[in-house]
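Okay, structure first, notes after.
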Amino acid sequence: MKVTIDQDKCVSAGSCVMAAMDVFDQRDEDGVVVLLDPTPPADLSDDVHQAAAVCPALAITVED
Amino acid sequence: MTTPIAAYDIARSPGCPFDPAPAMREQSRQAAVSRTRLWDGSTPWLVTGHAEHRQILSDQRVSIQPANGTPRLNPGEAQSTSHAAPSFILLDDPEHARLRRMATGAFTVKRVEALRAPTRRIIESRLDELVAGPNPADLVEAFALPVPSLVISELLGVPYGDHEFFQANSRIIINRNSTGEQRGAAGQALAGYLDGLLGQKLAAPADDMLSALAARVTAGELTRAEAVGMGVLMLFAGHETTANMIALGTLALLEHPEQAALLRDSDDPKVIAGAVDELLRYLTITHGGLRRVALADIELGGETIRAGEGIVVVNETANRDPSVFPDPDSLDLRRDARAHVTFGYGIHQCVGQSLARMELQEAYPALLRRLPTLARAADLDDIPFKHDGFIYGVYRLPVTW
């Protein structure tokens with residue numbers, strides 16, 4: 001699984017952190033997404049897909 | 001096709017206070033994208049399906065700026081929202097993103113987690129006062145309104161002692177029946193108030209959001225008017241919405257005792273978070289209609305929305321879409337409701353959603369545990385629901401314990 005993010009699109013909703021906090025974090029100053037793990041382990045697959053699905057700005061892409 | 005276009009009406013049925021308006025439900029059953037007739041005779045598009053809701057709100061070819069011709073849902077609405085909050089909520093990107101990012105730092109998941117313990121203390125002390133006071137009591141006045149007001153006051157750096165002033169003006173802003181004049185005056189009153197506070201923070205900064213905005217003004221990143229507009233938005237959106245959700249959510253839980261028990265007896269943060277999201281979905285207090293206008297021709301749900309045409313996007317029917325939420329009309333705190341759109345969708349999705357979620361995750365369980373015999377002290381029919389609000393809720397909730 002490979003995760004990519006688009007920080008320009010991000011609107012800092014924080015949904016991805018709530019869905020998969022081991023994979024996503026936020027910059028302190030403006031809450032923009034930070035990718036902690038671009039190749040998360042398979043057991044986080046559901047959480048990561050959930051994070052991508054709830055992102056209101058379509059800023060997260062997941063390739064299986 | 002000469003089917004008459006149904007009038008836009010979000011008023012919920014008295015017998016089903018938790019469900020979307022009957023006419024809106026009927027229309028959503030027939031088509032995910034249709035037309036609606038507004039008070040002024042205009043017939044913008046009405047988007048009621050879940051997939052279509054998300055698709056149109058994440059389309060960069062729609063605008064939220066009133067000057068581009070977004071629909072006016074009420075006579076009093078013309079330009080009035082911009083008086084109340086001349087901020088990023090009525091701007092398109094890139095200006096929207098520039099301003100929004102000046103506010104988002106205060107609502108990161110980490111920052112909000114740091115507010116959990118203080119919020120818990122606020123909740124406990126309000127509950128102490130509630131139990132020490134008269135029984136029955138109005139849960140809105142005694143609990144639902146003060147808790148988020150105290151939290152947002154602390155976060156923003158607004159003296160809670162002024163709560164009657166800012167709550168009264170916020171109520172006018174979100175009332176659908178307010179005239180443009182009334183809403184403008186309320187917005188001006190809040191803006192004048194926030195401007196005064198901002199002046200104080202410029203002179204003597206503290207550790208709060210208004211001081212952070214003041215620092216941006218000093219740094220030349222934000223005009224004073226932009227900072228004030230943002231403060232107004234945070235203040236009214238930060239307490240009215242959550243207050244309505246606490247009160248209406250509690251009422252829904254009282255109507256579903258087996259669901260309330262689940263929330264009361266669980267100490268698993270995931271279960272509690274899931275329950276809160278389901279309450280957000282089921283109740284969809286943000287039923288005021290999201291207004292957009294197409295800037296280009298857009299294909300949506302088998303229809304073609306032409307450039308220049310208005311669009312009204314409906315959260316409450318998207319949240320009852322059976323293709324996403326099986327058996328959508330039942331409140332089921334165990335379901336996965338995270339795909340709900342109560343906070344909207346797209347670039348304008350609620351900036352304070354993590355704060356709202358945290359407050360609700362703390363408020364419901366604390367209330368249910370502290371007052372295990374909590375019950376409504378009035379007939380359901382006698383409870384005054386906010387049928388006139390952009391944000392739904394109850395004006396009063398008499399309870400006993």
When Lys and Arg each count +1 and Asp and Glu each count -1, what net charge do the other residues less than 13 Å away from B:Leu397, Cβ to Cβ, add up to? -2
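Taking the Cβ of B:Arg111 as the center, what net charge do the other residues with Cβ under 15 Å away carry, scoring Lys and Arg +1 and Asp and Glu -1? Please report the intermediate quantities before stating the final value.
Numbers: positive: A:Arg27, B:Arg101, B:Lys110, B:Arg116, B:Arg357; negative: A:Asp25, A:Asp28, A:Glu29, A:Asp30, B:Glu113, B:Glu154, B:Asp207, B:Asp208, B:Glu359.
With Lys, Arg at +1 and Asp, Glu at -1, the neighbours total -4.
Report the local net charge at B:Gly346: Lys and Arg +1, Asp and Glu -1, summed over other residues whose C-beta lies under 10 Å from its C-beta. Provide the component values of the computation, followed by the final result.
Numbers: positive: B:Arg54, B:Arg292; negative: B:Asp59.
The answer is +1.
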Mean-square fluctuation check for chain B, GNM, Cα pairs under 10 Å: which of B:Val276, B:Val312, B:Val131 is largest? B:Val131
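Could you give me D for the protein assembly as shown, from Stokes-Einstein at 10 °C and 1.306 mPa s, where the hydrodynamic radius is the Kirkwood radius over C-alpha pairs? Units µm² s⁻¹, please. Walk me through the intermediate numbers first.
Numbers: Rh = 22.6 Å.
Estimated diffusion coefficient is 70 µm²/s.
Would you mind estimating how fast the range A:2-63 diffuses translationally, via Stokes-Einstein at 37 °C and 0.692 mPa s with the Kirkwood radius over Cα pairs, in µm²/s? List each step's numbers first, then the result.
Details: Rh = 11.1 Å.
For the chosen part, D equals 296 µm²/s.
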Cα-based Rg and Dmax for the range B:1-149, where Dmax is the largest Cα-Cα distance (Å): 21.0, 63
Cα-only radius of gyration and Dmax that characterise the range B:126-275, units Å: 18.2, 55
Sequence-distant aspartates and glutamates (8 or more away, or on other chains) whose Cα lies within less than 20 Å of B:Lys270: A:Asp22, A:Asp25, A:Asp43, A:Asp46, A:Asp47, B:Glu113, B:Glu258, B:Glu278, B:Asp332, B:Asp336, B:Glu359, B:Glu362
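Taking Rh as the Kirkwood radius computed over C-alpha pairs, what is the Stokes-Einstein D of the range B:236-384 at 25 °C in a medium of viscosity 0.890 mPa s, expressed in µm² per second?
Values: Rh = 16.9 Å.
Translational D for this selection: 146 µm²/s.
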Under a point spin-label approximation (7 Å from Cα along Cα-to-Cβ), what is the A:Ser45-B:Ala261 distance to one decimal in nm? 3.7 nm
Hull-based mean projected area of the range B:179-264, where the convex hull spans the alpha carbons, in square nanometres: 8.3 nm²
Give me the lysines in straight-line cross-link reach of B:Lys201: C-alpha distance below 29 Å, same-chain residues under 8 apart excluded. B:Lys110
Inter-probe distance in nm under a simple model that places probes 7 Å from Cα toward Cβ, at B:Ala203 and B:Asp268: 5.4 nm
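Quick check for me: using +1 on Lys/Arg Cβ and -1 on Asp/Glu Cβ, what's the dipole size of the protein assembly as shown about its Cα centre, in debye to the nearest 20? Present the calculation step by step, with values, prior to reporting the outcome.
Values: 42 positive and 62 negative charges, 157 e Å.
I would put it at about 760 debye.
Please give the per residue volume of the convex hull enclosing the alpha carbon atoms of the range B:22-384, rounded to a whole number of Å³. Intermediate results must be reported in sequence, preceding the final value.
On the way: hull volume 50.3 nm³, N = 363.
Cα-based convex hull of the range B:22-384, divided per residue, equals 138 Å³.
No lab work stands behind these numbers, since they all come straight from the coordinates. Keep in mind that what you see is a predicted model, and the values were worked out from it rather than measured. Counting neighbours? That spans all protein chains shown, and the Cβs are built from the backbone with ideal geometry, glycine included.
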